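Here, each number is a calculation from the coordinates, and none is a lab measurement. What you see is a predicted model; the values in this text were computed from it and never measured. Virtual Cβ from ideal backbone geometry, glycine too; neighbours counted across all protein chains shown.
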Amino acid sequence: FLLASPSRGCIPVQKPSPASLGGAHPAETLGRTVLAGWGNSVPRMLALCLLSLAWLSEGSQRSEPMFVAVTHRLLPPDYDSNPTQLNYGVAVTDLDADGDFEVVVAGYNGPNLVLKYDKARGRLVNVAEDERGSPYYALRDRQGHAIGVTACDIDGDGREEIYFLNTNNAFSGMATYTDKLFKLRNGRWEDLLSDEVNRDVASRFAGRSVACVDRTGSGRYSIYIANYASGNVGPHALIEMDVAASDPARGVVVLVDVAAKAGVSKYTGGRGVAVGPILSDSASDIFCGNENSPNFLFHNWGDGTYRDVAAAVGLDDPYQHGRGVALADFNRDGRVDIVYGNWNGPHRLYLQSGAPGRVRFRDIATPKFSMPSPVRTVIAADFDNDQELEVFFNNIAYRGSSANRLFRLIRREHSDPIVEELNPGDALEPEGRGTGGAVTDFDGDGMLDLILSHGESMAQPISIFKGTQGTSNNWLRVIPRTRFGAFARGAKVVLFTRRSGAHLRIIDGGSGYLCEMEPVAHFGLGHDEASSLEVTWPDGRVVARAVASSETNSVLEVPYPLDTEEPLVPAPLECGQGFSQHKNGRCVDMDECTKFPFVCPRDKPICINTYGGYRCRSNKRCSRGFEPNEDGTACVAQVAFFGGYPSAGSWPGLPYSALLPLVLGLCLCLYAL
């Protein structure tokens, strides 16, 4: 681009790429370039103020559109498959066990939809026809006014059941119509909650999101129901099969609410739910974003019982109103991070750090990222397969236009990711009444497709979008299975690559808002190749296997490891840069500081091992009660811990990365004046 100079006309300036910055902010490099180009011909005040403004800015939005609308081709609006109605939650599952995914959409003032990709016609069709002879007919359930939907295997038969959270027009407290839990039985989908043995279990409370939790690692899932309480009416519920009282082979599934026993029976305005090993190594934890009350982070104690530690780790966010949420590892340090949106409040981008028992979450959201909006679903995925994750905010046009937003998080070594705003293209939808969304790969080309539902204040059809960038990049999709053969929701998948280290994905049992993402770990590889992968199930079982070059750009299914299948001698694996194979067969982080004692230079002699790498810092000496910061450039106060998790009040609110540009810019302007 060009910058105007009074003495030299227009100066061409090359915008630096993140890789060339060496950790510097793009605006910092831009400022140096501007000053060098203008020399001394411009008053110092103007130059310094320009530098400070450039530093304070987060960069302009990338102009290349990420998505193009393909609704007209894949799902043209019509009465049968894409009616113009109020829709809400979206879940991705395989209802007919043919290996292809279906998309289940919760219909509010119309029928629920089951969208299946017809390969011959190259489009989606609704198989839940308005025909009583159809096995899917009961799923339509027009009377339910469904809002949330999830799918998982609750009885261990290897197929997923479908749970619809029905509000029946009630905002909170009691509803007049129960939720539905559908199972394929007798050749058709039937509601288990209508069985005589389960009538007392059926929820009659208004709620929002539902999610699937394998709380004990059995391979059988519980349904977590984020009800919206009114006073002491409508606590959160956790419904699962009573194994002792059930006989699934004969179609008898007895359900029981174990929320009180598990420690999650809370009264609050429940909203978004995400499920995965957030704090645990393998067991499924539950994050619940709430309205009018603090968030929950239920930590699994390993026996299927939970304790809320949100305040202790700094995730309670008590004065905001949570909506959509997603789990991801944004800085590739092997830890699960959390991104979520607050309704017309600051959106959060929390990175996890600290040792077990000393965990904290630190919000690194930039001003643009955190900018309040009427947000609904939040999705974290690699839409262009370039190895960097994007975060999609699906907004609802509430009291005016509110466009959807898209950000890319660019990983940096030993520093927080760069947050870059992208152009969503056709997925901008400024007048869209966004209520739900999910991603999957309909046509098997390795590019994630985005499906968005609309409703609440205006009936609108469903929208489908396809990515336009990164079509030549490599990719890999991994589908873990439970011991019963169903999708292993809550599993953790780590992919080791030849050049870019380890990448982590969670098969989330919830995610989004009112929604459930596909049960797939989708990895964009760019021009890199995978060398091996590791799957961890909620019960702690682990499988590590090599990935051949021929398996690039394919879908890999990973079965649950049976005892008879475990090899006596682990197969050799190529773990990639920064990792090595342990004697147990798994790829583990290599401790470069121990293996190479003199790896650090003299001016920064202290070596600190990191996930997949290391960093060096100066030998800073601090007074009692203080400790060196991560770079060893300053002393910071030590945080006192007295067992368990630290108090929430011990964590700083605003990250240093946000304070530095603000303070520097202010100082520069004052100096110039």
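A crude spin-label estimate for the pair Asn109 and Val125, with each label 7 Å from Cα along the Cβ direction, gives 2.9 nm.
Applying the Karplus parametrisation 6.51 cos²θ - 1.76 cosθ + 1.60 with θ = phi - 60° to the phi angles of region 258-265, what ³J(HN,Hα) value in whole Hz is obtained for each residue in order, glycine and proline being reported as x? Listing the rounded values in order: 10, 4, 5, 4, 7, x, 10, 7 Hz.
Shown for Arg545, Arg489: other C-beta atoms within 10 Å of each C-beta, ranked fewest to most, produce the order Arg545, Arg489. Ranked for footprinting exposure by Cβ neighbours inside 10 Å, fewest first, Glu630, Glu160, Glu456 give Glu630, Glu456, Glu160. Enumerate the residues in region 581-603 having an amide nitrogen under 16 Å from the point lying 7 Å beyond the Cα of Cys635 toward its Cβ. Backbone N within reach: none found.
Relative to one another, the C-alpha centroids of region 584-610 and region 335-368 are positioned 28 Å apart. With neighbour counts taken as other beta-carbon atoms within 10 Å, the residues His72, His414, His321 rank, fewest first, as His72, His414, His321.
In this structure, the amide hydrogen of Gly272, modeled 1.01 Å from its nitrogen in the peptide plane, lies closer than 5 angstrom to those of Gly289, Arg323, counting only residues at least 5 positions away or on a different chain. Amide H contacts for His582 (H built 1.01 Å from N in the peptide plane; partners 5 or more residues away or on another chain; cut-off under 5 Å): Cys587, Val588.
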